[in-house]
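Notes follow once the structure below has been shown.
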Amino acid sequence: MSSHKSRRSFIKKTAVGAGIFIVPRNVLGGPGYISPSDQLNLAAIGSGGKGISDIANASVNGRERVSALCDVDFSGSASRSVKRFPNAKLYSDFRKMLDKEKDIDAVTISTPDHVHAPAAVYAMERDKHVYVQKPITHNIREARMLTNLARKHKVVTQMGNQGGSNPLLKMVQNWIDSGKVGKISEVKVWTNRPVWPQGVKMPSPNANLKPKSLDWNLWLGPASQKEYTPNLHPFNWRGWWEYGTGALGDVGCHLIDIPFRTLGLKYPKSAECSVGSVFTKMWSPDYFPEGCPPSSLITLNFDSTEKSKSPIELTWTDGGIRPPHPDIIPANSDIGGEDSLNGVLMIGDKGIISTNINDSSPLMPKLYLYDGDTEFGPETEQMPEPEYGHQRKWVDACKAGFNSKQHKELTSSFDYAGPMTETVLMGNLAIRSYMLRKENSKGGFDFYARKKLLWDGENMKITNISAANQFVTRNYRKGWEI
């Protein structure tokens, strides 16, 4: 344990050992006063966008101290965090921040996906607790690395899929555990994402358009060196494999979390996919393998588990493509969430569970049984604290310590979130493999990996198409290797 992590326990132990009488803090500082020794020193890596609410919620209305903020451009939305925490020191490089600010206890990481793992590794190697936005990593190897590193350094972790702390998940879990829906063998998951440019050609670099306030080199992080490219920062990076993880990375950890958690799923045993094509020329589909497709269909197969009792076929569709409306659900009713834009159907031999995206949207769990019975959860949720207390619970666990009761009760520590993220990213591995091609003797192309991919989850390896394994990891720019 590093010195800053143990300072509170040190103060308590030395005071007791010396027979020192401790005056209650409410006497010294008034009602609600929190001693500095009882506060976490928090820092944010990525202070704009989702980072605004992540660090704000982690501060628990000022209960904890935010001592530093890091962002590659404080002129944008990150300025809101600066305004909220005016005493925080500002940095553009998280490595310099963590090396200089020795008293930081824990960090929130809310950068673009490709920087999640480098930032988390750097923090955990310095014994900092970490809260990392979903997906916790850009690729499968990184997810496994973070899971193992958290155990090695005994740090408290949480992935930012805040719906994992939604208490209504217990209703879904009870329907499954009590056998109400029967044996589940099929799960359908869908989303209206992408809602950003995707399936199109990458914008051309133009260094003249770079905002003066943006540190482009630090924004690139582990990605390949290139001149400033407009329309990537601060949001549209999601549709490009160098930086983002597409629709799956954006909401897969919210949607797939529901069946993965409640059915007790493990690594999938296979994956296959097909993707939507765009034709701007007759008979010749556009080919932009550097970017995510406009839509996709992913099929993941899982072995039976203690909760699912039978093998599970999970299908994922994005780009606004949703599954057929089951007959058991009234034709005029939504499936999943509002307007059926996002959702999950868990199909059993006694009925169907229908739920919404599990971020901060109403979960709206509904049970439809073939005998005509129904059971619905509330469509308007009570949320007494922001995002179900997901960040606050992580902070409480950080203060209680690794392997504490509070730590074990976290819903998305990396012991869970790591394997779940690997499963989500398995879909992206299938998509990228689907685009692999080589020129044939006729001057055309053979797409040689458009097959079912057999996955050895424990060893992180496709066993039947070796070329697909290049997407288990990534190439890192010099100086950013992990």
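The values are calculated or read from the model by the stated rules, or taken from the named source; none is laboratory data. Predicted model, so just to flag it, every value in this text is computed and none were measured. Cβ coordinates were reconstructed from backbone atoms using ideal geometry, including for glycine residues, and neighbour counts include every protein chain displayed.
Odds and ends about this structure:
- Qualifying position, being within 24 Å of the chain's Cα centre (by Cα) and either among the basic types (Lys, Arg) or part of a loop (DSSP other than H, G, I, E, B) (or both), among Tyr448, Tyr476, Tyr416: Tyr476
For (1) over 23 Å from Asp303 (Cα atoms); (2) of a type in the set (A, V, I, L, M); (3) in the same structural domain as Pro378 (by TED's automatic domain parsing), each residue gets a yes or a no:
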position: Trp175; (1), (2), (3): no, no, yes
position: Glu186; (1), (2), (3): no, no, yes
position: Leu218; (1), (2), (3): yes, yes, yes
position: Asn236; (1), (2), (3): yes, no, yes
position: Gly264; (1), (2), (3): no, no, yes
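- Lys269 being at pLDDT 95 or above, surrounded by fewer than 18 Cβ atoms within 10 Å (Cβ to Cβ), within 30 Å of Trp175 (Cβ to Cβ) and out of contact with any Lys or Arg (no Cβ under 9 Å at 6 or more places or on another chain): yes
- Screening the range 263-284 for residues that are part of a strand (DSSP E or B) and among the polar types (S, T, N, Q) and picking the one that is nearest to Glu422 (Cα to Cα) gives Ser270.
- The range 228-249 - residue that is hydrophobic (A, V, I, L, M, F, W, C) and outside any loop (DSSP other than H, G, I, E, B) and, of those, surrounded by the most Cβ atoms within 10 Å (Cβ to Cβ): Ala247
- Here Pro386 meets each of (1) surrounded by 14 or more Cβ atoms within 10 Å (Cβ to Cβ); (2) under 29 Å from Cys273 (Cα atoms); (3) at pLDDT 95 or above; (4) out of contact with any strand residue (DSSP E or B) (no Cβ under 7 Å at 6 or more places or on another chain) with one exception, condition (2).
- Test set (1) at pLDDT 95 or above; (2) farther than 29 Å from Leu218 by Cα - Phe414 fails condition number: (2)
- Residue in the range 44-59 that is of a type in the set (D, E, K, R), buried (at least 24 other Cβ atoms within 10 Å of the Cβ) and at pLDDT 95 or above present: yes
- Selection count where residues are in contact with a strand residue (DSSP E or B) (Cβ under 7 Å, 6 or more places away or on another chain) and in a loop (DSSP other than H, G, I, E, B), scope the range 156-199: 7
- In the range 142-173, the residues that are under 15 Å from Ser308 (Cβ atoms) and in the same structural domain as Asp105 (by TED's automatic domain parsing): none
- Counted residues, the range 87-114 - those being of a type outside the set (Phe, Trp, Tyr) and in a strand (DSSP E or B): 6
- For the residues Asn464, Asn459, the requirement of being outside any helix (DSSP H, G or I), without any contact (Cβ under 8 Å) to a residue 60 or more places away in the chain, closer than 30 Å to Gln198 by Cα and more than 21 Å from the chain's Cα centre (by Cα) singles out Asn464.
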